[in-house]
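Q: My structure is below; once you've seen it, I'll send some questions.
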């Protein structure tokens, strides 16, 4: 449990006894590393890196996909940073990151701690709780559209039968509630992932260590604070990074529940739907399409992501306890 | 322990009673959350075997008289057969190609001591953090330029590439756990580099193969954004796009829509139930090692 995700310098660690002796018979003087790397580097480079870098100039143009390509300076970026659509979409993504972070570290961690007590049938619980994570977001969107529908739905009649009929929430149509609903539905689908990551983290904490802590008087919340959480840091780091990246990937749930406009009135618009809509318009290649401006939005998102990830890297770097 | 004084026994009983309450509470919480996770799926399953009138009269009840016609109708009218074909083809090809390419690249970095390994890792890592929507338009333009738009290749090629970073990182983690001496011995016995990789080391990292296949398979099978843009005609639709387009046509026939949702999700659910432990371990293998 030395590393988190990456950043361990590769290359085999010398085994015992071979440190001083210069290895004569290593694999071969000239290793064909290049030939082994080539397929992945080329395929991924051609389809991912090249378009990614090649598209950056697009953000300095107002190309709509059909017109002649011409540069228009940094006008797009000026528009992006002052655009209320971009900022509000970004804000919605930030709210998602924050909610997912809290849910991960309260709900998912709580469930993982309960499962870690190994109650009878814990594998069944884990299987059931994790199951939505393998469903497609499209399926998730459909299921919840119907469940939450105020007319035919299931949730509101259920509330009614519990004597809460007067609440009658407009889950998807109320501007105050819609984003929370999107977060809840996304969490329903994704929440199993942080749970199993925390489960694996807890499993890797040696039992003797916990016993020793108990002998030293660390029980209950104290043990949690001083022993379990510090040892769980790698899992917390992974979950936080995943949360961040996942929340910025958000698209399908909003698209199915609220449409490409992020209804009601843009209350659920996220950068995913915004970039898609700016690029392709609300219909297929409609007149509102503006690839150049859409790319400028995409670059803006990349900058936010990069800053966020660098910040996280700096924050977490010195806070990992190694066993 | 019969020699214990009665005072300790009393304390022990109290502690046991407390732990019984604790255990019961654990089960209560887990049952409630399981119900939250599974409820919507069960309701979907119920709704998928209800005729329209019976769905509207009681959408949440258990179907006492299942109406399976929804399934045959959804299958026929939703053109699900070609969509299944496309989804299976796209998923299988991209999982195989990216698995092999990713494993070879990881082998080069871990075992063959490729230079600049830090740069290589950052190069692949970029693919995991760039959101799909950012890369969507440039990739569409590329596919257009090379004349693939309108063919199934336009869906297969991006998935082969987009799944490489995850394959690479997971195989790197697993190859590190295999001692280098294994490959050295094989090489000294006259095994070529590729044969050493393929017949000696790959079988040793079988859990990595399962992990990569599961994670990438679930992603490709379920992905919606890329095909939404790239699958320009209905004969290319993969399942997520096919059921969204089906929903557009039959938006009020909930039985039909839910039958199509269940049909599209069934293969993954089946694999998940059968290979449950591999799934859970797979998710964490990429994250914590």
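Laboratory data are not the source of any read-out in this text; all were calculated from the coordinates shown. Not measured: the values here are computed from a predicted model. Quick reminder, even Gly has a Cβ in these numbers, built from the backbone with ideal geometry, and neighbours come from all protein chains shown.
Q: Any chance you could check the Cα centroid distance between the stretch A:133-157 and the stretch B:218-260 for me, in angstrom?
A: Using only Cα atoms, the two centres lie 16 Å from each other.
Q: Oh, and also: Calculate the mean, over all residues of peptide B:185-192, of how many other protein chain Cβ atoms lie within 10 angstrom of the residue's Cβ.
A: For this peptide, the per-residue mean of nearby foreign Cβ atoms is 1.
Q: Now for a separate question. So if R0 is 30 Å, what FRET efficiency would residue A:313 and residue B:113 give, r being the distance between their Cβ atoms, rounded to the nearest 0.05?
A: After rounding, the FRET efficiency stands at 0.70.
Q: Can you work out D for the stretch A:57-128 in µm² s⁻¹ from Stokes-Einstein, where Rh is the Kirkwood radius over C-alpha pairs, the temperature is 20 °C and the viscosity is 1.002 mPa s?
A: 129 µm²/s
Q: Quick one: A:229, B:32, B:278, B:112, fewest Cβ neighbours within 10 Å first, how do they rank?
A: The most exposed by this proxy come first: B:32, A:229, B:278, B:112.
Q: Rg(Cα) of chain B divided by 2.2 N^0.38 Å?
A: Expressed relative to 2.2 N^0.38 Å, the Cα Rg reads 1.34.
Q: If you don't mind, there's one more thing I want to ask. How far apart, in nanometres, would the label points at residue A:212 and residue B:67 be if each is projected 7 angstrom from Cα along the Cα-to-Cβ direction?
A: 6.5 nm
Q: Just the projected area, averaged over all directions, of the convex hull on the alpha carbon atoms of the stretch B:53-142: how many nm²?
A: 11.2 nm²
Q: Of the listed peptides B:42-53, A:69-80, what is their order by residue-averaged count of other C-beta atoms within 10 Å, with the highest listed first?
A: So the peptides B:42-53, A:69-80, ranked by packing, come out B:42-53, A:69-80.
Q: How many partner chain Cβ atoms sit within 10 Å of a residue's Cβ in peptide B:232-241, on average, as a whole number?
A: Mean shielding count: 1.
Q: Kindly state, to the nearest 0.05, the FRET efficiency for residue B:270 paired with residue A:261, given R0 = 45 Å and r defined as their beta-carbon distance.
A: It comes to 0.80.
Q: Ordered by packing density, taken as the mean number of other Cβ atoms within 10 Å over each peptide's residues, highest first, how do A:55-62, A:130-137 rank?
A: My ranking of the peptides, most packed first, is A:130-137, A:55-62.
Q: What's the average, rounded to a whole number, of partner chain beta-carbon atoms within 10 Å of each residue's beta-carbon in B:107-115?
A: 6
Q: Also, quick follow-up: Would you calculate, for the protein assembly as shown, the mean residue ellipticity at 222 nm contributed by helices, counting each DSSP H stretch of 4 or more residues as -39,500 (n - 2.57) and dividing by all residues, to the nearest 500?
A: -20000 deg cm²/dmol
Q: A further question follows. Which number do you get for Rg(Cα) / (2.2 N^0.38 Å) in the protein assembly as shown?
A: Scaled against compact globular proteins, the figure is 1.04.
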